[in-house]
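Asks: There's a structure below that I have some questions on.
The values are calculated or read from the model by the stated rules, or taken from the named source; none is laboratory data. Since this is a predicted model, take the numbers as computed values, not measurements. Here Cβ is always computed from backbone atoms with ideal geometry, including for glycine, and neighbour counts include all displayed protein chains.
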Amino acid sequence: MTIHRADIDEIRGFFAASVTGAAHCTDPRIERAFGFVPREAFLPPGPWDLMIGGSYLRSPSADPAYLYRNVLVGLVPERRLNNGEPVLHASWMQAVEPRPGERICHIGAGTGYYTAILSMLVVPGGTVTAFEIEPALAQRAKSALDPYEGVVVVPANALDVDLPASDVIYVNASLAAPPLPWLEALAPGGRMIFPWRPSDEVALALIVTRSTTGFSVKVLARAWFIPCTGTGAVAPPVRQPSGDQAASVRSLWRTGDRAPDETAIAIFQDVWFSSEPLPR
């Protein structure tokens, strides 16, 4: 019996189908993007450290087939800096719905693998500005992203610089609350997705959408990321939410627009979260 040995394109295509299937993606462009972008191009030379059961396991060789699984891959394993989980990112992309021609800010881009996939979702005419604080990772991202249209890598902490006007802000580091300048960088109809970590017991992905009446909030699944740090980091909360309160969040307000009221579940200096939906 002849045994068929899959080539890397076939492996990558099956990976894309399995990842987007597990993420319940309905946008076929996401599967195509995952199938097109080579993960190995955004990683250090193999063998690689794969996160299995909470610990790293070294791949037996530098065969890129080992990368096409739903696993974290160590970028700087000693610091637990990783290339993130594919199913999580596919589900985030489905939720935030990048569209052709839109402007994305990718914060915490690492070496740029998910930046490349995001860039494919906004062609033609779209742009991705990728921020990465770690100089070595930013340099690798610049090199790997060179073939991708409309991508700029900024080697800086996005908390400490001005963000460009954005239709999507895609954040891969946890925040107690989004900084006020980030909210103001969102265009009308713009969406920000980020890991919300206002207390030790809360770790949820949120989508904040800007409308004419304010900022609506949708709660997604649990999400654990390393924290965002910098001089522009949000000060500790005046009021922290419990886990149940955090799950009830429906809107976000700038304190300059509306003072916290009885619906407030988390309060910060410049913003607060409410259990009340935006008015229609």
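Asks: Given the stretch 194-280, what strands (runs of 3 or more DSSP E) lie entirely inside it while holding 2 or more residues that are modelled with pLDDT under 90?
Replies: Details: elements: 204-211, 214-222, 251-254, 264-267, 271-274.
Correct list: 214-222.
Asks: When the residues of the stretch 195-210 are filtered to those that are in contact (Cβ under 8 Å) with a residue 60 or more places away in the chain and buried (at least 22 other Cβ atoms within 10 Å of the Cβ), which remaining residue is nearest to residue 170 (Cα to Cα)? Walk me through it before giving the result.
Replies: As a first pass, look at the stretch 195-210 and keep what is in contact (Cβ under 8 Å) with a residue 60 or more places away in the chain: 198, 205, 207.
Filter once more, keeping what is buried (at least 22 other Cβ atoms within 10 Å of the Cβ): 198, 205.
Values: 198: 18, 205: 11 Å.
Step by step, filter the stretch 195-210, then rank; the result is 205.
Asks: Looking only at helices (runs of 4 or more DSSP H) that lie completely in the stretch 89-193, which have at least 1 residues being under 23 Å from residue 37 (Cα atoms)? Spell out the reasoning first.
Replies: Details: elements: 113-121, 135-144, 180-185.
Here the list reads 113-121, 135-144.
Asks: Residue 76 fails exactly one of the following numbered conditions: (1) in contact with a Phe, Trp or Tyr (Cβ under 8 Å, 6 or more places away or on another chain); (2) within 24 Å of residue 161 (Cβ to Cβ); (3) surrounded by fewer than 24 Cβ atoms within 10 Å (Cβ to Cβ). What is the number of that condition?
Replies: Checking residue 76 against (1) in contact with a Phe, Trp or Tyr (Cβ under 8 Å, 6 or more places away or on another chain); (2) within 24 Å of residue 161 (Cβ to Cβ); (3) surrounded by fewer than 24 Cβ atoms within 10 Å (Cβ to Cβ), the one that fails is (1).
Asks: I would also like to ask the following. When the residues of the stretch 157-172 are narrowed to those that are touching a strand residue (DSSP E or B) at 6+ places or on another chain (Cβ under 6 Å) and within 20 Å of residue 224 (Cβ to Cβ), which ends up surrounded by the most Cβ atoms within 10 Å (Cβ to Cβ)? First the steps, then the outcome.
Replies: At the first step, the residues of the stretch 157-172 found to be touching a strand residue (DSSP E or B) at 6+ places or on another chain (Cβ under 6 Å) are 158, 163-171.
Checking the rest, the ones that are also within 20 Å of residue 224 (Cβ to Cβ) come to 158, 169-171.
On the way: 158: 28, 169: 25, 170: 25, 171: 24.
Restricting to residues being touching a strand residue (DSSP E or B) at 6+ places or on another chain (Cβ under 6 Å) and within 20 Å of residue 224 (Cβ to Cβ), the top hit is 158.
Asks: Would you pick out the residues in the stretch 1-23 that are of a type in the set (D, E, K, R) and part of a helix (DSSP H, G or I)?
Replies: 9, 10, 12
Asks: May I ask you to verify whether residue 68 is of a type in the set (Phe, Trp, Tyr) and either farther than 29 Å from residue 183 by Cβ or surrounded by 19 or more Cβ atoms within 10 Å (Cβ to Cβ) (or both)?
Replies: Details: of a type in the set (Phe, Trp, Tyr): yes; either farther than 29 Å from residue 183 by Cβ or surrounded by 19 or more Cβ atoms within 10 Å (Cβ to Cβ) (or both): yes.
Yes; evaluated as a whole, the condition is true for this residue.
Asks: Would it be correct to say that residue 173 is within 20 Å of residue 93 (Cβ to Cβ) and either within 15 Å of the chain's Cα centre (by Cα) or of a type in the set (A, V, I, L, M) (or both)?
Replies: Answer is yes for this residue.
Asks: Could you grab me the full set of residues in the stretch 13-25 that are closer than 16 Å to residue 66 by Cβ and among the β-branched types (Val, Ile, Thr)?
Replies: 19 - this is the single residue of the stretch 13-25 that is closer than 16 Å to residue 66 by Cβ and among the β-branched types (Val, Ile, Thr).
Asks: Let me ask something else about it. Restricting to the stretch 141-189, what's the tally of residues that are of a type in the set (Ser, Thr, Tyr) and within 26 Å of residue 211 (Cβ to Cβ)?
Replies: Adding up the residues that qualify gives 3.
Asks: Kindly indicate which of 128, 123 is hydrophobic (A, V, I, L, M, F, W, C), modelled with pLDDT of 95 or more and surrounded by 24 or more Cβ atoms within 10 Å (Cβ to Cβ).
Replies: Criteria check complete, one pass: 128.
Asks: Could you identify the single residue in 213, 229 that is in contact (Cβ under 8 Å) with a residue 60 or more places away in the chain and farther than 23 Å from residue 92 by Cβ? First the steps, then the outcome.
Replies: Numbers: 229 fails: farther than 23 Å from residue 92 by Cβ.
The unique qualifying residue is 213.
Asks: Of all residues in the stretch 243-267 being surrounded by 14 or more Cβ atoms within 10 Å (Cβ to Cβ) and basic (Lys, Arg), which is farthest from residue 219 (Cα to Cα)? Steps first, answer last, please.
Replies: First, the residues of the stretch 243-267 that are surrounded by 14 or more Cβ atoms within 10 Å (Cβ to Cβ): 245-246, 248-255, 260, 263-267.
From what's left, basic (Lys, Arg): 250, 254.
Working: 250: 8, 254: 19 Å.
Within the stretch 243-267, the match that is farthest from residue 219 (Cα to Cα) is 254.
Asks: Sticking with this one: Give me the pairs, please: first residue somewhere in the stretch 1-12 and within 10 Å of residue 68 (Cβ to Cβ), second residue anywhere and surrounded by 12 or more Cβ atoms within 10 Å (Cβ to Cβ) and of a type in the set (A, V, I, L, M), beta-carbon distance under 7 Å, and either six or more positions apart or on two chains.
Replies: 8/65; 11/65
Asks: Within the stretch 24-72, how many residues are in contact (Cβ under 8 Å) with a residue 12 or more places away in the chain, part of a strand (DSSP E or B) and either touching a Leu at 6+ places or on another chain (Cβ under 6 Å) or of a type in the set (Gly, Ala, Ser) (or both)?
Replies: The initial filter retains those residues of the stretch 24-72 that are in contact (Cβ under 8 Å) with a residue 12 or more places away in the chain, namely 24-27, 29-52, 56, 59-72.
Then keep just the ones that are part of a strand (DSSP E or B); that gives 49-52, 56.
Filter once more, so that each one left must be either touching a Leu at 6+ places or on another chain (Cβ under 6 Å) or of a type in the set (Gly, Ala, Ser) (or both): 50-51.
Residues meeting the conditions: 2.
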